[in-house]
Amino acid sequence: MIYQVIVLAFLLSGVTSGFITFRIMGMKMAPHFGVLLISIIATALNILMGGGILYIAVALQVLAGISAYIQFMPALKDNFQTAPLYSAHLSMMTVAAILGLASVF
């Protein structure tokens, strides 16, 4: 359960780090942030329920990480100069996905 609390902290931090990129990229990031918000809700519910929906929460956490890379890839290919702006959010989403997977094992 400790991993899930840490993942929730990373997901919530991902919202703040991703807000800047959302402002820069516009609605292109909407699918990722939709998954991110659903993942936050599922993770919080999982913690409150004592691990009752662990696999659903972890699946959404991994999906949030994958969707970040899918959404950012065109921007990173086209405009590499802005890549440092996205690094904080990508690192948050990567750590959240990996810790989510670790909580299953």
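Quick grid of which residues meet (1) within 14 Å of Phe10 (Cα to Cα); (2) surrounded by fewer than 21 Cβ atoms within 10 Å (Cβ to Cβ):
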position	(1), (2)
Ala59	no, yes
Val62	yes, yes
Phe72	no, no
Thr82	no, yes
Val95	yes, yes
Within the range 1-27, considering residues that are open to solvent by less than 80 Å² (accessible area, probe 1.4 Å) and aromatic (Phe, Trp, Tyr), the one farthest from Gly51 (Cα to Cα) | Phe22
Open to solvent by 30 Å² or more (accessible area, probe 1.4 Å) and closer than 18 Å to Leu12 by Cβ, is that true of Ile47?
-> yes
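The values are calculated or read from the model by the stated rules, or taken from the named source; none is laboratory data. Being a predicted model, the structure only gives us computed values, none of them experimental. When we count neighbours, we look across all protein chains shown, and the Cβ atoms used for this are built from the backbone with ideal geometry, even at glycine. Protein only, heavy atoms only, side chains kept; ligands, DNA and RNA dropped before computing areas. Shrake-Rupley method; radii C 1.70, N 1.55, O 1.52, S 1.80 Å.
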